[in-house]
1. Under unit Cβ charges (Lys, Arg +1; Asp, Glu -1), what dipole magnitude, rounded to 20 debye, does the range 95-274 have relative to its Cα centre?
2. By a straight-distance test (C-alpha under 21 Å), which lysines pair with Lys60 as possible cross-link partners, with residues fewer than eight away in the same chain excluded?
3. Provide the per-residue ³J(HN,Hα) series for the range 47-60, in order, calculated from phi with Karplus coefficients 6.51, -1.76, 1.60 and θ = phi - 60°, each as a whole number of Hz, with x at glycine and proline positions.
4. Once you list every other residue whose beta carbon is under 15 Å from the beta carbon of Glu131, what net charge do they have if Lys and Arg are +1 and Asp and Glu are -1?
5. Be a star and scan the range 380-404 for residues whose amide nitrogen sits under 17 Å from the point 7 Å along the Cα-to-Cβ vector of Ala24.
6. Given an 8 Å cut-off on Cα distances and at least 6 residues of separation, report the relative contact order of the range 341-413 as a percent.
7. Work out the charge dipole of the range 259-376 with +1 on the Cβ of Lys and Arg and -1 on the Cβ of Asp and Glu about the Cα centre, then indicate which of Met366, Val335, Val279 is farthest towards its positive end.
8. Take every Cα pair under 8 Å in the range 95-274 that's 6+ residues apart, average their separations, divide by the length, and report that relative contact order as a whole percent.
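Taken together, the values in this text are just the output of simple stated rules run on the coordinates, not laboratory data. A quick note: this is a predicted structure, and the numbers were derived from the prediction, not measured. Heads up, the Cβs are rebuilt from the backbone with ideal geometry, glycines too, and the neighbour counts pull from every protein chain shown.
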Amino acid sequence: MNHFSYRKRVLHAEDVPLPAIADAVGTPVYVYSTATLRRHFQVVTEAFGSHPHLVCYAVKANSTLAVLRLLAEEGSGFDIVSGGELARVKAAGGQPGKTVFAGVGKTADEMAQALSAGILFFNVESPEELELLDAVGRAQGKRAPFALRVNPNVDARTHRHIATGLKTSKFGVPFEDTVALYARAKKMKGLQAVGVDCHIGSQITRTAPFKAALTKMAGLYKELKAQGHALRYLDIGGGLGITYTEETPPTPAEYARTAISAVGDIDATLIFEPGRLLVGNAGVLVTRVLFRKETPARQFVVVDAGMNDLMRPALYDAHHGLQPVVQRRGKEVEVDVVGPVCESTDVLARQRKLVLPQQGELYALMTAGAYGMSMASNYNSRPRPAEVLVDGDAWRVVRERESVEDLWRGERP
């Protein structure tokens, strides 16, 4: 669900009309709903009921400090993939002790910072990373808590760019190598095994891949416990999809039932790492029409948001709903909505039926809260957009629009 709806033909974020924000702040601008963020977190954590669990929000989906602060206030933990994300969590008031550190390329400095901060554990993705983490632990006179990220070779049936659980993926260690690696780690003085981890992909819309992966992981967890490893956590990753167009993903309750059933009676706290599930439908990107352009083959609508502001359509061929901020009656025509970036891939919405947009009109790209601003860039020397957080009938700028001078901050002619 989300809190973006029409009132008297004007699109609102909660109780705030989007034109009021666009007029005050300019466009393009990301707008987020506090009520949606809070509601989504509550639904997810309540889905697991009394089963021991911790929801660790995947920071990469949207790392804006105001979003992290809001989720921390709700009790969320965090799933990070860099030292920079750890710094953001801490700056937002998040607890390192409820934070897990994933990613295939952690540096020694990042490991040392995270260990000093007291994170919950590291998700280790290769034998050489295990050796480096051992050295970092020994240097601090500590045993670094870790879980091996296991690649279960399960097809998540999602876009190939966001599938992570196949043998061809760079993520995780092969399932068949796991037991030997835990035995090896047990002899290392700077390590302490505390769990097992897997993550098979993103935007998954069926429960069957989760069930297959978690059934294998539960069996592995039991085997490792029987061998004397003092495990406490089973990190089941994230990846539950949301609706962009016609997708019908499982509800959080259906997912939780599948997960709890698949792992059975193992004595483990489940770590769940949702990203887009929490923030995707909580944000929109508001953009303004610049020009219309007709060719023999296409009718184009050029807007002031581009692929540098919202990368997903260019990167994944991703679909985002497109809605007029102020509804207007008229005959619909088929248009391609494109941005100003000097690339043929800068198409935000392809072959959409719209009442022909007029210059100056506002449109909202829906379901843009995940992997929107966090993937934005300055390509074509374009300042990144502002971000606004709405709460009821109030709103505030939580990230100022970059200035042109910001583009070369730190450079030397």
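1. Details: 21 positive and 19 negative charges, 84 e Å.
It works out to roughly 400 debye.
2. Lys90, Lys98, Lys106, Lys170
3. Once θ is set to phi - 60°, the couplings for the range 47-60 become 4, 7, x, 7, 5, x, 7, 9, 8, 10, 4, 6, 4, 4 Hz.
4. Neighbourhood net charge equals +2.
5. Within reach of a label on Ala24, which here means backbone N under 17 Å from a point 7 Å along Cα→Cβ, the range 380-404 contributes 386-401.
6. Values: 42 pairs, mean separation 15.9, N = 73.
Once divided by the residue count of the range 341-413, the mean separation gives 22 percent.
7. Farthest towards the positive pole: Val335.
8. Working: 349 pairs, mean separation 33.5, N = 180.
It comes to 19 percent, rounded to a whole number.
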